[in-house]
Every structure is written in C-alpha cells, then in structure tokens.
Amino acid sequence: MPPKKTQGVGSGTAKVTSLKVVKGKGGSGKTTSDIAVTDELDSWMKTKQMIRPEDQVELNEQDLKEEITRVLTMQNPQIPSNIVEFSFKEGRFTPVPPVTQTILLLEIEGTILCKDSDEAKFQLEGNLDFEDQDKSMKRNSEELNEIILEDENAEKENTEIEYEGKEDENEIAKEGEDKQGEGGGGGGGGEGEGEGEEEAEVVSAVPTKQAPGGSAHFIKSGAKKLTNQFNFCERGALTYNNPFRNLETQTVPPPRANFAGQVMQWIIYDAYQQDFEVQQREKEKEKKDKVVPNQKPEAKRKDLQATADISNRTLLAIKTLERMINQNTFDEIAQDYRYWEDPSDEYRDEEGTLLPLWKFVYEKTKKNSVTALVWNPCYYDLFAVAFGCFDFMKPQPEGAMCLFTLKNPSFPEYVCSTETGVMCVDIHPTHPALVCIGKYDGSVAVYDVHSPGKLPQCESNSVTNKHCGVVWQVRWGIDMPDGEVNFFSVSADGNVYNWVLTQHELSQTLIISLFFSFDPIPGPDGTLIPLTGCGTTIAFHPTERLIFLVGTEEGSVYKCSTAYASLYLATYEAHHMPVYKVDYNKFCPDIFISCSADWRAKIWEDTRSDPLFVFDLGCEIADVEWAPYSSTVFAAVTNDGKVHVFDLNVNKYRPICVQAVVNRKRNRLTRIAFNHKLPIIIVGDDRGCITALKLSPNLRKKVKPPKKGPVLTERELELMKLEKLLALVREPPTPTPLPDYPAPVDS
Amino acid sequence: MTEVEGKKEETETAKKIVHTYPLIRHSDMMEEMKGEVMELVVTACEKHSTNNEMAARMIKETMDKKFGPSWHTVVGEGFGFEISYECKNLLYMFFGGNLAICIWKCS
C-alpha cells in the first residue's frame, strides 16, 4: 500500500475536487471546506507521500476505488427528525410536522417524460386516447372554450397534484377503454381534465356524446407522429373549383397543291445530259472570270508605272486612227490629190484648171484672216498658217499659228494661240521645228513645235525688244557663224530687225531703217521728223544672203544689204500703192515679182528699173508667188476670190488659168503658197479657211529636154527657158545707130 | 437545279457518259430540308439498290419521324403520277442514272 499523505481527511487520489471521495471516516457529513483545504495542500505539496493518520481505516484497494456519491439535499441532517410537541388537545405528544426547508418560488409543468417511464412508453406505442379525447373536446364544441381556458389556467397553477392527476387520467383512460371503449375513455379523460369533478363530469358528459365521432378518426393515425396535444390543429379545406367547359375549333389545314409527272428512262437520261451541259458552261464562265480580274489589276499596275509611255503610244495610235478616219472620209479627195490629172487639159491648150481638194478650217480662228502661209521645207505635207486680222478698225481678235497637214484636213496638228493676231510666220529651212512669227502688236516669237508646251521658246520683250508697228513679215536667215539661228523682220514702223536667238533670248539688231528720200517734214511741234517708209514685205536673195528686197507701203521696193544700214542698193518705184509681196524667181535670182494693191503684178529684173512684165488683174492682188517647178509660172490671188496662174512661156499677157476659189462676196483671198514637191497650192482667205487646190497638168508644164544635145538638168532647162523668154521681153538693146555713112550723092 | 457531286461513269458501250449524281427535278421544300432529304434519299437508294420497296419504306419512315406523319414515297424507274401534296413538302429527283424518287407529304 502506497503511503498516502492526507490531512484532515483521508483522501485517496490527490486533487479531487469532485464530490467523489474515498470512503472513509466522516462519511457523508463532510463539508466542502475540507475538500478545498485538501486540494490546496495537495497542490502545494506535490509529493505522493501521504501521511496516514493512525486511526484511519484500512481498506483494500477495491474498496478504495469504490465511488461514493454525495448528494446535496434539502434536509438538514442536524435537525432532529422526530420532534414532538405536547398537544394539550389530545393530551399526548404529537409529532410536529417537519418544517420544510424549501420555499417554492416557481413551478412549471414540463412536458418531457423519461423515455423509460411507463407513461412515455405508453405514448410511444401510439395509444393516444386521452390526447384524442382532449382534442375532440376542444374541436367539437365551442362551449368548451371556457373550460379549456380554465383548464389551461388550472394547469399552470397546478403543482404536483396535477401531475399526479394526469397519471390518474391515464389509468382512468385505460380503464375507460376497457370498460366502455371510447366512450368510457372519453369520460375518464374528461374527468382528468378539470379540477372540479363536477365540471369535469359535465365536460365529459358533453364530449362523450360527441367524442365517438371525433375520436374515430384518429385512432388509426400513424404511430410515430407525436403532435402537441394542446396547440396542434389539423384542418383541411377545399377551394372552389371552377366548373369545366368544352370548346372545339378546327384550324385551317395546310395548303395543298397537285403535282403530276412521268418517269421514263429517257427522261432521266435527258435531264442528266442537260444538267451536265449547264455545269460545263458554268465552269467555263468561272475560268474566264478568274482570268479577267487577274488581268485588270495587272493592267492598272502597268498604267501606274508607265503612263507616259502609254499615253504617248495611245496618242500616236489615236493620231494614226484619226488620219485613217480622215482618209476614209475624204477618200475621193485623197485619190484626186494624188492621181487626178484633168484629162480635159489635153483639149484645152494654154488653159488649166485648179482642182479644189480640201478645206482646212480651225474653229477658233474662224474670225481670223489667213495672214501667212508657209510650207514646211522638210515635210511636204505640213504647212504653217498664221491667223491674224487685216482689218485695223475693228478690235483685234485673238490670233493663232497653226500647223496643218494634208493628211488630216479636219484639225490642225499643232495649234498655238496668241493674244494678238499673228501676221506672219516662217519655218526655219534646216530646223523644221523652229517657227518664228510676227505679231500684230509688234512682237516676235519663236516656237519650237517639238516641245509639248504651248509657250514660245522665246519671245521678244513687249516693251523694248519689239517693233513699234505691225510686223508684216519674218524670214529666217542663215545661221550665224556660231550656229545660232536668226531671223529678220520688217514692220510698219519702218525698221528691219535681225533677231538672234540666244538661249531663250532674242537679241535684236537694227538692220536698216527705211527712210524716205524726202526731206524731213516738219512735225506738229515744229521739229523735223524724218519720214520712214513702212515695210510690208521682205525677200532674201536666194544666193546672196546679204541682199534682200523690201517692199513698202508707199509702193517702192528697196534693195538693201544687211551690211549697209543706211544705204539702199537700189530703189524700184514699183507701185502706187502698198507692195504686198515681193518674191524672187526660184530659178533665176535676178528676176523677182511684186504685187500691189494697185491691181498690178510686175516682174522685174535686178538691174532694170522698169518692170519686164506688167499684169493687171482687175483687183487688188493680195499675194503672188513663183512656182517652184517652173521658172515661168507664177500664181496670184486677188481680193475677189480668184486665183490667177500665169505661165509666161505659154502666154505672156494673160493668165492661163483664172479660177474663183471662194465665194466672191464673202471671202477674200489673202495668201497663196506653192507646195515644193506636189502640184498643190494652198490659198488662204479672210475667213480663216485654207483651200488646197491641185494644179492641172497644163499649169505645170515643164520643159522637155531636147532630144538631142547635152543632158541638162531641169534647173538649167528652166533657166534656159526663162532666158529665152526674157530675151524676148527685154527691150532689145538700143541699137547703136550706125554711123551715118555719107549717102551717095545722086543729084 | 443544284448538284452536290458530279460523277462520270463510262459504261461499256463506248462514248456514253452516265451521270449518277442526285439531280433535283422539282422541289418545293426549304433549302435545309431539301438538303437533308436528298442525303436521306441517296443513303436509302444506295443501301437498298436492288429493292425499291425497301428504299421507299426507309425513306418514308425516316421522314415521318423527322418531319411529322403522313409522308409518301415512290421510288422507281418508270411511272407516271398525279398527286396532291401539302405545300412546301414535295421533292422530285433523279438518282443513280435510272431511278426517280418522288416524296410528298399529305395527311
């Protein structure tokens, strides 16, 4: 036995704070203080050595482990339990009832039953008689409400007596059941309910009659469902059901159609064939569509890259097309132009005709007169036209310089518009793209036809570098020793200028100023003003380039040299009215022709002051020109719309052809030009229209080379012809009178 | 007329091309329905290539299940017909070079 240390009370295992204490002396009379002390001591002294009092009862282990329960009760054990008191009434000692040590403050009836108790078991079994009876009582009659309330109140106030009463109820219920079945049970239950038996009886009497109906329902209910017998209430109800009604309708049936057909083997086959064909076609179309869109983007790219090339090419193509169209349109004329030879010329000796070919018109220059016509020296089908205006009274319309080609009669190849009228034009003999013009306002300009722009390559300054009057004629001169091109111009202010083209600039040099041989005339303010003539035309000697002829408005023709600025080499009193044109013979440079407004055309020889031939045409002669193919042929145009062609070899006095080319009343012919190669002449009028005419064979007779004799060139032949002619015309040299021989005297 | 496949078969007799792809001759149906039915027909005819009745039965029953009751089907190589049908529920097509199938609904 392990030594134990206890103090005061023999306690077994240490630290016991519960009520369980080892059995020892003192038994149940131990107070809590002892235990507390023991605990304190135990905690202070943690040794297991226990000192046992000597008089402690020795117990075996089994007894030591025995647990003894301590109960706290209300009974005061110290109080004697058998106190008696002398009762004088009875004359004996009567026991005094023990004073209860407890005061009941509150008692609430509980509804919990111990599971093992009889009542609980009774309930669990499903025997709910007394409960049913209670419910039925409450439900079935409203009269019971007061009773119920009273019952409830009574329940609350009841003490243990009720509890006992319930037990009695159960018993009574059981008995009732045995005896009367339901009714008895109901009665028993009713009795148990209330305090007063009378009331209970009454209560029981009423419900017993009614109970059987009610309780009949619930005996058969489920075993386990335990509901609160006082509060639970089951009640069923049925809502109002709407009455049913039938409604019938019929929908519109889906639309129907008829279909008919026939099936045969050949029908099937044909259908397949057709469909196959359609399929093939579609496939082809798809292929084409794929190809085309591929080409289009490629084309666009190309265009973007090389628009210039294409535009040029397209231009060329369009040009060719235009020419083709023109050719087609004017097919007959084109044929005539080349191949027509007037057969009637064989029969008409000494007479020829002019076959009209095309008319060249440019819309914008319809109001203008043709002031100059020049064939291109290099391209025989190209000619330049100057559009200006001869009428000085009316306001000047805009002018233009156009290049036409015989291949396209509809539209000029090159158009260059100017603000003022262009009075003269000339194409450079060796640079066929350079064109110089002289304008109405006195300025000159040089154009390069090749350049795409419409601006002149260079232009004379409009203030200082120009003529003071209308520029009547311009002529290209021989290139300078440096190679610079230059040209001459003569104008109404009486000056002849030489313009040199130097790198976009024109530098002018005064060649000569036409002066009169008259004395200076006193001017308005008294100063003497030297009179100057107005030059109207200029022509260069074909071989001697320094020499040129100038025609003036006064009617005289001066032969000048570029070397001499103030001297005339010769003066020809040619006409009475302005000289419109002077032209050198293409074959014999000593011969030149002049035409004037005084109706006359005169042929001069260089050294002679008198004309060789004089022709009166009956109207102002606007222009005259020698033919390039013959030394004796020349043509003149007059203001009455006629073209006069002369061949001196054939007829010295009269023209071999006089033809009205344009309507006399409206148009006046202003210019004429021979084509270098072809037997074509172009004639310009004052309506802006140029007419091309073909010379009939009679007009272009050429000298036949003699069958015998040395082989001579055409030129020489022509010269010879001319010489012959001239020899006839020239005044015979005044024969020196023969010396008078003394006449024989015969008186 | 639309085609789903294009097949060419050269038969023994040279230079005769026989097309066997399904070719719709006349149709009243919606596009989707048409496609479905065509596939069904092709399946049925290929499966029961020797027995027209079985093919027709298969088609009819499937149609009834899918699109509602009372479909009618005719499968054959040579016949004439005159029918009443509910609108938008008719298909008349060729298949296999020699078969014609007519399907319609009429309750």
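Taking each residue of B:71-80 in turn, how many C-beta atoms of other protein chains fall within 10 Å of its C-beta, and what is the average?
Details: counts 0, 0, 0, 1, 1, 1, 4, 7, 4, 5.
If you average over the peptide's residues, the count of other-chain Cβ atoms is 2.
As an exercise, identify the GluC sites (Glu not before Pro) in segment A:78-111 lying in DSSP coil whose Cβ has no more than 15 other Cβ atoms within 10 Å. Could you put the intermediate results ahead of the total?
Numbers: sites: A:Glu85, A:Glu90, A:Glu107, A:Glu109; in loops: A:Glu90, A:Glu107, A:Glu109.
Listed in order of number, the matching sites are A:Glu90, A:Glu107, A:Glu109.
In nanometres, what is the gap between the two model label sites at A:Arg235 and A:Thr607, each 7 Å from Cα along Cα-to-Cβ?
16.7 nm
More than 17 Å apart: what percent of Cα pairs in segment A:332-435 qualify?
Working: 3205 of 5356 pairs.
So the pairs more than 17 Å apart make up 60 percent of the total in segment A:332-435.
R0 = 25 Å: FRET efficiency of A:Glu341 with A:Phe390, Cβ-based, nearest 0.05? Don't skip to the end; give the middle numbers.
Details: r = 36 Å, r/R0 = 1.43.
With R0 = 25 Å, the Cβ-Cβ based efficiency is 0.10.
Quantify how strongly other chains surround peptide A:250-258 by giving the mean number of their Cβ atoms within 10 Å of each of its Cβ atoms. Can you show the working numbers first?
Details: counts 0, 0, 0, 2, 8, 4, 10, 10, 4.
Mean partner-chain Cβ count within 10 Å for A:250-258: 4.
At 1.4 Å probe size, with every protein chain present, just tell me what the per residue accessible area of segment B:29-105 comes to in Å².
On the way: 3640 Å² over 77 residues.
That works out to 47 Å² for each residue.
Relative to the present Cα-Cα distance, how much length would full extension add between A:Arg52 and A:His676 at 0.36 nm per residue of separation? Before the final figure, lay out the partial values.
Working: separation 624, 0.36 × 624 = 224.64 nm, distance 17.27 nm.
Taking 0.36 nm per residue and subtracting the Cα distance, the gain is 207.4 nm.
Given the pairs A:Lys642/A:Lys677; A:Lys394/A:Lys652; A:Lys602/A:Lys701; A:Lys290/B:Lys88; A:Lys581/A:Lys701, which span a C-alpha to C-alpha distance of over 30 angstrom in this model?
Details: A:Lys642/A:Lys677 23 Å; A:Lys394/A:Lys652 40 Å; A:Lys602/A:Lys701 22 Å; A:Lys290/B:Lys88 37 Å; A:Lys581/A:Lys701 25 Å.
Distance filter (> 30 Å) returns A:Lys394/A:Lys652; A:Lys290/B:Lys88.
Return the value, in Å² to the nearest 100, of accessible area buried between chains B and A (probe 1.4 Å, both sides summed). Can you show the working numbers first?
On the way: alone 6950 and 47520 Å², together 52000 Å².
By this definition, chains B and A bury close to 2500 Å².
Cα centroid distance between segment A:323-375 and segment B:39-90, in Å?
Each part's Cα centre sits 87 Å from the other's.
What's the extension gain from A:Val84 to A:Ile108 if we count 0.36 nm per residue and subtract their Cα-Cα distance?
Working: separation 24, 0.36 × 24 = 8.64 nm, distance 3.47 nm.
My answer for the length gained is 5.2 nm.
Give, in nm to one decimal, the length gained when the segment between A:Thr543 and A:Val415 is fully stretched (0.36 nm per residue of separation minus the Cα-Cα distance). Numbers along the way, then the final one.
Details: separation 128, 0.36 × 128 = 46.08 nm, distance 3.30 nm.
Length gained, A:Thr543 through A:Val415: 42.8 nm.
Enter the accessible area of A:Leu354 (Å², nearest 10), with the probe set to 1.4 Å and all protein chains included.
Roll a 1.4 Å probe over it and A:Leu354 shows about 10 Å².
Set the Förster distance to 60 Å, then compute FRET efficiency between B:Glu32 and A:Ile478 from the Cβ-Cβ distance, nearest 0.05.
0.05
Per residue, what volume in Å³ does the Cα convex hull of segment B:29-105 take up? Each step should come with its number before you reach the end.
On the way: hull volume 6.2 nm³, N = 77.
It comes to 81 Å³ per residue, whole-number rounded.
Within segment A:570-663, which chymotrypsin sites (Phe, Trp or Tyr not before Pro) sit in a loop by DSSP and count at most 13 neighbouring Cβ atoms inside 10 Å? Could the numbers behind the result be given before it?
Numbers: sites: A:Tyr572, A:Tyr580, A:Tyr584, A:Phe587, A:Phe592, A:Trp599, A:Trp604, A:Phe613, A:Phe615, A:Trp626, A:Tyr629, A:Phe634, A:Phe646, A:Tyr653; in loops: A:Phe587, A:Trp599, A:Tyr629, A:Tyr653.
Hits after loop and neighbour filter: A:Tyr653.
Report, in debye and to the nearest 20, how large the dipole of chain B comes out about its Cα centre when Lys and Arg carry +1 and Asp and Glu carry -1 on their Cβ. Working shown, then result.
Details: 13 positive and 17 negative charges, 13 e Å.
Here the size comes out at about 60 debye.
Work out the mean other chain Cβ neighbour count within 10 Å for the residues of A:263-270 and drop it here as an integer. Mind showing how you got there, number by number?
Details: counts 16, 5, 5, 1, 4, 12, 6, 0.
So the per-residue partner count for this stretch is 6.
First measure r as the distance between the Cβ atoms of A:Glu363 and A:Met577, then evaluate 1/(1 + (r/R0)^6) with R0 = 30 Å and state the FRET efficiency to the nearest 0.05.
With a Förster radius of 30 Å, E is 0.30.
Need one number: nm distance between label points at A:Lys65 and A:Tyr379, each 7 Å from Cα along Cα→Cβ, rounded to one decimal.
Computed distance between label sites A:Lys65 and A:Tyr379 equals 14.6 nm.
Kindly report, to the nearest 10 Å², the accessible surface of A:Met74 as traced by a 1.4 Å probe over protein heavy atoms only.
That residue has around 130 Å² of solvent-accessible surface.
Using a basic spin-label model with each label point 7 Å from the Cα along Cα→Cβ, how many nm lie between A:Val729 and A:Glu282?
Output for this residue pair reads 9.1 nm.
The values are calculated or read from the model by the stated rules, or taken from the named source; none is laboratory data. Remember, it's a predicted structure, so these values are computed and weren't measured experimentally. Cβ atoms come from the backbone with ideal geometry, glycine included; neighbour counts cover every protein chain shown. Protein only, heavy atoms only, side chains kept; ligands, DNA and RNA dropped before computing areas. Shrake-Rupley method; radii C 1.70, N 1.55, O 1.52, S 1.80 Å.
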